[in-house]
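Everything below concerns the one structure shown next.
Throughout, read-outs are computed from the coordinates displayed, never taken from laboratory work. As the structure is a prediction and not an experimental result, all values here were calculated from the model. Backbone-built Cβ (ideal geometry, glycine too); neighbour counts: all protein chains shown.
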Amino acid sequence: MDQDQDDEQEQAEERVSKTRLKREMHARQEIGEALVALPEPRLAELDLPERLREAVLEARRISKFGALRRQLQYIGRLMRDVDSDAIEARLDAWKGQSRQATVYLHLLERWRERLLAQDQALGELLEAHPGADVNRLRTLVRNARLEQAMGRAPASFRELFQELKGIIPET
C-alpha cells in the first residue's frame, strides 16, 4: 500500500500544471514576435537553428492575421528545442532593458526624489558615498527644487540624475 502512495506522489510531482504550460507557451510566442520584429543583422547574430530562422523569415512575409498567429504558434513550438532564456536575455540587452539596468535606474530615481523631498537625504547620500562633491549636489538640488516650484524646464533635475549616476556605482 505504501508503494502505491509513493508512486502516486511521484506522478503528481512529475505532472506540470496546464496553466504553467500555457504561460511558457505564450512566453515563447512573445519571444517569437520579438524575433520577427528584429532587423536582419540582429537576427543573424542570434545563431538560431535553420528551421526556426526560416519560420521567422516566413512570418515576416505573412500579412493575414490568422496566418500570422498560426505561424507565431509554430515558432513557439520550434522554440521548445532552443534555449529561449538566452535569446530573451539577448533581446533585453539590445533593448537596453536588462533587469539589472532597470533596478539601477530605479535606485537613482529614488535617490533623486529623496534629495528633492528631504533635506537629510543629502547627508545620507554623502555618508553612503563619501567621494561626492557636496557643493555641486547642494546646488543641483536647490536649482531642481526651484525649477519645480516655478514650473520651468527640468534642466537641473536631469543634471542631478546624471550626477547621481557618476556617484553611485552600478552593481
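Which residue, Leu115, Leu35, Leu126, tops the fluctuation ranking in a GNM of the chain built on C-alpha contacts under 10 Å? Checking each option, the largest mean-square fluctuation is seen for Leu126. Of all lysines in the structure, the ones whose alpha carbon falls short of 29 Å from that of Lys22, not counting any fewer than 8 places away in one chain, are Lys64, Lys95. Normalised by the number of residues in the chain, the average gap of Cα pairs under 8 Å and 6 or more apart makes the relative contact order 18 percent. Its alpha carbons give region 18-71 an Rg and a Dmax of 12.0, 37 Å.
Where the only charges are on Cβ atoms (+1 Lys, Arg; -1 Asp, Glu), what is the dipole of region 99-167 about its Cα centre, to the nearest 20 debye? My answer is approximately 200 debye.
Based on alpha-carbon atoms, the Kirkwood radius and the radius of gyration of the chain give Rg/Rh equal to 1.22. Cα centroids of region 98-154 and region 21-66: how far apart, whole angstrom? About 42 Å separates the Cα centre of region 98-154 from the one of region 21-66. Legend: calculated FRET efficiency, Leu126 to Lys165, from the Cβ-Cβ distance at R0 = 22 Å, rounded to 0.05, equals 0.85. Of the residues Ile31, Ile168, Ile75, the one with the fewest other Cβ atoms within 10 Å heads the list, and the complete ranking is Ile168, Ile31, Ile75. Taking each residue as 0.36 nm, the span from Ala37 to Asp85 lengthens on full extension beyond its C-alpha to C-alpha distance by 15.5 nm.
Magnitude of the charge dipole for the chain, about its Cα centre and with charges confined to Cβ atoms of Lys, Arg (+1) and Asp, Glu (-1), is about 1460 debye. With the simple spin-label model, which puts each label point 7 Å out from Cα in the Cβ direction, the Arg53 to Asp92 separation comes to 2.6 nm.
The ranking of Phe157, Phe65 by Cβ neighbour count inside 10 Å, starting from the fewest, reads Phe65, Phe157. Here the convex hull built on the C-alpha positions of region 99-167 has a volume of 83 cubic angstrom per residue.
Between Arg61 and Leu21, the modelled labels are 3.3 nm apart [label points 7 Å from Cα along Cα→Cβ].
Largest GNM mean-square fluctuation across Ala27, Ala128, Ala144, computed for the chain with C-alpha springs under 10 Å, falls on Ala128.
In the chain, taking the dipole from charged Cβ atoms about the Cα centre, the farthest positive-side position among Pro130, Ala67, Asn143 is held by Asn143.
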